[in-house]
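What follows is a single structure, written as structure tokens, with notes after it.
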Amino acid sequence: MKKKHKKTLSSILLFVFILTAFTGLKVELNALQNINKNTDYQINNIRFIYTEDQDRVMGFPSDKSYSVQPFVLDIDDDSFLETIIVGNMEGIEGKVIYMVKNEAIVSGWPLELFWEMRDVETLGRMDLNNGTEPNIIFRYGKEGVLTNETTAFFAVDSEGNINHSWGFELSGSFVYHTIFSDLNDDGEKEFVLLDTNRTVYYLDHLGNNMTNWPIKVNDSTNFIPPVAEDITNDGEKEIIVTTDTGTVYAWFLNGSLVEGFPLSINVTYPGIEEFREAPMIGDFNLDGDKDLFIASTVSYLYGITLNSENNKTWEEVIPLPVYTSTQGIAYDIDNDGYLEILQLYSSGLAIYNATETINQEFLFLAGSNYFGSPAIADLNNDNKVEIIVLSFNFVYILEHDGNLLEQIPNWVTTADRVSPIIYDFDEDNEIEVIHLSRDGALLIKETNDFGIAPWIHTLGSKTNVLSKDSDEDGLFDYEEEITGSEVNNNDSDGDTILDGLEINQYLLNPLVSDIDEDSDSDGLTNIEEVDIYGTNLLNPDSDGDTLPDGDEVYVHSTNPAISDSDEDGLPDNYEILYDSLDPNNPADAQEDPDNDNLVNLDERAIGTHPEDPDSDGDTLLDGDEIDKYYTDPLFPDADFDMDGDGLTNVEEVDIYGTNPSDPDSDLDGYTDKEEINGKSDPLDPTSIPKDRNYKWMYSFIVIVPVTVLSPIYVVRRLTRRRLMK
């Protein structure tokens, strides 16, 4: 009973020890938090200033379907972009149109139209009444079940009201895709569209035919989407139309046919209607002449020089046929000066260069049901573009050399004409990858890279070709329209920084000289952050180590882009707290300046003071408490009895050599304290306390009476039962 009582008492003492130790540890942690309260305040302040966004979804009503390409524009001249989303009403031909700004539907929207509407296109912005009344221009087909017998244009103001003072209709069935751009540089936008009767329309901003237009083509085949590009190098665009059998027409804006046209692509199977996608136009081999490339439904990629005096042609077998659901683009993805062909297939993407011959640079095949066209943007701030493509199952992000960087699950069906777009969706000066599902889920993927609108149109421009940058400042002309910078002046504010760099790299105003401002108030100018330190000029603590970027540079001489400048495992904000540590010396992580048998790296992990050998002041070295005494270096517990055997931890280690975490070090059935009191060796299992050598006799005294008396008791019980019967 005495031993049992001791064990019960030991258990109570152990519980009290643990409770006290926990309370002490909590007090110690509170003390540490108080020591660093200035740092905590700084963290909260930084989080208030800058919040890292997460990937997310914005949902639109699921009782509608969404198959129209989202369109991006600045309708209210505030330099922030709005997004137009078109939904199809179930069971009727009507449409619902949403305007989204900063991740919310704009007040006054959506606009519900209970009209017979098919094949809606959002074309862009037009300023009516001498530029004082900005409107969004839409085109839609109406009447007829299988074909659109009429196409109509209407305008909507920024508040979602239809502008009844403008609009027009054209009779006939028309090809999807309309060019809407100022082609003749008169300050007003024009329309180019094709009907299925092989007529080409070129209309002014009011819908009137331009001089010598429309033009009827005597060709029995069908048109594919038109393109506008300067193919004669005269500084003005021409209108290029290709038929589905490979005949290429080109007209000057005055309606006259360009000399040498029509041209014919030398197809492998003449007479077959094998072209569906819009052609890609550019100088692919840098010979001074524009070239046209187009993929076919019989798995060929063709090219032809758009100069009748240069008979250069290309032809190459490709792995898959190309129809209307996918579209190729032309872009110099490797910055070698040559355009590449980025051809999207139903099951993947191929990249080709076309100089003397067509050469495949890489082929990415994964999954199925790809839609739209590739999008291009530098998503990870490495000055190399990534390629973003959309399939039924995933959004794929590829490096410029074809390696898969990331795949984002696409858990809802994607609309068959919708391409991913990349721009600043939530007005935080960082671009997002946006794509719309057929069910109305708008997936928003954060890139954490700077920019406004690297890819907001399906083909990169409003003329269905690579966007034009007239002043070569890094901003496409349509982006300059958004920002208000000058199309023909690459430094609109005269501060020596190109307009494109101000918008996409420095996040500055290209109309104001502000390169020496400090946008995030961290002590570094905007140009210093981008050009010198590679920090985020919108985040005062770019590396998240609670030290403002400016303090890291000018006070601590640390790297503001890396939380651990010397990469020794000790973050900068920890090392600057102690004189013995240097955030630029990686060797100090393995040093022990307080000689407590713990190196600095371990001291931080445990929470002990790297410059105090006895953090809790209990006369035991911090390292010894961990490795020798099994005590808590953050709580004064030198005289505690961790294993409840009656000996303190210090007595066990320093005097008796026993295990402070085991009450019976030699496992002979006697606690270490009992052996010490009984003059036996607590480390020798054959040595037991001397006053216990005859303990077997006590057992015998108990066992013998029980053995003797039990049979007598049983016999008496049986006899009594018989008598009772």
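The values are calculated or read from the model by the stated rules, or taken from the named source; none is laboratory data. If you're wondering where the values come from, they're calculated on a predicted model, not measured in any experiment. Note that each Cβ is placed from the backbone with ideal geometry, even for glycine, and that neighbours are counted across all protein chains shown. Note: areas computed on protein heavy atoms with side chains; ligands, DNA, RNA excluded. Shrake-Rupley method; radii C 1.70, N 1.55, O 1.52, S 1.80 Å.
At-a-glance table
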quantity: Hits in region 42-80 (condition: at pLDDT below 85 and small (Gly, Ala, Ser)); calculated: SER79
quantity: Given (1) more than 15 Å from the chain's Cα centre (by Cα); (2) more than 30 Å from LYS64 (Cβ to Cβ); (3) of a type in the set (A, V, I, L, M); (4) modelled with pLDDT of 90 or more, index of the condition VAL465 fails; calculated: (4)
quantity: Region 276-317, residues that are of a type in the set (A, V, I, L, M, F, W, C), touching a residue at least 40 places away in the same chain (Cβ under 8 Å) and more than 16 Å from ALA250 (Cβ to Cβ); calculated: PHE284, LEU286, ALA295, LEU301, TRP314
quantity: Residue satisfying all of: in region 468-485; modelled with pLDDT under 80 and acidic (Asp, Glu); surrounded by the most Cβ atoms within 10 Å (Cβ to Cβ) among these; calculated: GLU479
quantity: Residue match in region 435-455 (condition: open to solvent by 20 Å² or more (accessible area, probe 1.4 Å) and farther than 30 Å from ASP78 by Cβ); calculated: yes
quantity: Answer from LEU263, LEU286 - the residue that is open to solvent by 40 Å² or more (accessible area, probe 1.4 Å) and either closer than 23 Å to TYR352 by Cβ or out of contact with any His (no Cβ under 8 Å at 6 or more places or on another chain) (or both); calculated: LEU286
quantity: Flag if ASP582 is open to solvent by 60 Å² or more (accessible area, probe 1.4 Å), over 45 Å from the mean Cα position of the chain (by Cα) and charged (D, E, K, R); calculated: no
quantity: Matching residues in region 365-398 - criterion: being of a type in the set (D, E, K, R) and open to solvent by 10 Å² or more (accessible area, probe 1.4 Å); calculated: ASP378, ASP382, LYS384
quantity: Matching residues in region 79-128 - criterion: being of a type in the set (D, E, K, R) and closer than 22 Å to PHE174 by Cβ; calculated: GLU93, LYS95, GLU116, ARG118, ASP119, GLU121, ARG125
quantity: Filtered residues of region 650-663 (kept if crowded, with 23+ Cβ neighbours inside 10 Å and part of a helix (DSSP H, G or I)); calculated: GLU652
quantity: Scan of region 626-673 for residues that are more than 59 Å from the chain's Cα centre (by Cα) and in contact (Cβ under 8 Å) with a residue 60 or more places away in the chain, ordered by number; calculated: GLY646, THR671
quantity: Verdict on LEU113 being crowded, with 18+ Cβ neighbours inside 10 Å and more than 29 Å from the chain's Cα centre (by Cα); calculated: yes
quantity: Strands (runs of 3 or more DSSP E) within region 311-364 that include 1 or more residues of a type outside the set (Asp, Glu) and either over 21 Å from ASN403 (Cβ atoms) or open to solvent by 60 Å² or more (accessible area, probe 1.4 Å) (or both); calculated: 313-317, 329-331, 348-354
quantity: Qualifying residue in region 683-705 (condition: in a helix (DSSP H, G or I) and either at pLDDT 85 or above or of a type in the set (Asp, Glu) (or both)); calculated: yes
quantity: Some residue of region 231-250 being among the hydrophobic types (A, V, I, L, M, F, W, C), open to solvent by 30 Å² or more (accessible area, probe 1.4 Å) and either touching a helix residue (DSSP H, G or I) at 6+ places or on another chain (Cβ under 6 Å) or in a loop (DSSP other than H, G, I, E, B) (or both); calculated: no
quantity: Answer from ASN129, ASN135 - the residue that is open to solvent by 30 Å² or more (accessible area, probe 1.4 Å), farther than 23 Å from ILE434 by Cβ and outside any loop (DSSP other than H, G, I, E, B); calculated: ASN129
quantity: Selection count where residues are farther than 20 Å from ILE503 by Cα, in a helix (DSSP H, G or I), among the hydroxyl-bearing types (Ser, Thr, Tyr) and open to solvent by 40 Å² or more (accessible area, probe 1.4 Å), scope region 520-578; calculated: 1
quantity: SER557 being at pLDDT 95 or above, of a type in the set (Gly, Ala, Ser) and over 30 Å from TRP455 (Cβ atoms); calculated: yes
quantity: Residues within region 218-230 that are small (Gly, Ala, Ser) and either in a strand (DSSP E or B) or in contact with a Lys or Arg (Cβ under 7 Å, 6 or more places away or on another chain) (or both), tallied; calculated: 1
quantity: Count - residues of region 158-200 that are part of a strand (DSSP E or B) and either open to solvent by less than 10 Å² (accessible area, probe 1.4 Å) or touching a Leu at 6+ places or on another chain (Cβ under 9 Å) (or both); calculated: 16
quantity: Residue satisfying all of: in region 251-260; of a type outside the set (A, V, I, L, M) and open to solvent by less than 30 Å² (accessible area, probe 1.4 Å); nearest to TYR302 (Cα to Cα) among these; calculated: TRP251
quantity: Some residue of region 401-414 being surrounded by 24 or more Cβ atoms within 10 Å (Cβ to Cβ) and farther than 19 Å from TYR66 by Cβ; calculated: no
quantity: Tabulated pairs, region 73-88, first closer than 13 Å to ASP426 by Cα and in a loop (DSSP other than H, G, I, E, B), second among the β-branched types (Val, Ile, Thr) and modelled with pLDDT of 85 or more, C-beta under 7 angstrom, 6+ apart or interchain; calculated: LEU81/VAL72
quantity: Counted residues, region 486-505 - those being under 28 Å from ASN380 (Cβ atoms), open to solvent by less than 50 Å² (accessible area, probe 1.4 Å) and over 31 Å from the mean Cα position of the chain (by Cα); calculated: 1
quantity: Answer residue from region 201-230, given it is small (Gly, Ala, Ser) and more than 15 Å from PHE153 (Cβ to Cβ) and is surrounded by the most Cβ atoms within 10 Å (Cβ to Cβ) among those; calculated: ALA228
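A quick yes/no check of all residues on (1) part of a helix (DSSP H, G or I); (2) among the acidic types (Asp, Glu); (3) at pLDDT 90 or above; (4) open to solvent by 20 Å² or more (accessible area, probe 1.4 Å):
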{"position": "GLU611", "(1), (2), (3), (4)": "no, yes, yes, yes"}
{"position": "ASP614", "(1), (2), (3), (4)": "no, yes, yes, yes"}
{"position": "THR631", "(1), (2), (3), (4)": "no, no, no, no"}
{"position": "LEU647", "(1), (2), (3), (4)": "no, no, yes, no"}
{"position": "LEU667", "(1), (2), (3), (4)": "no, no, yes, yes"}
{"position": "LYS679", "(1), (2), (3), (4)": "no, no, no, yes"}
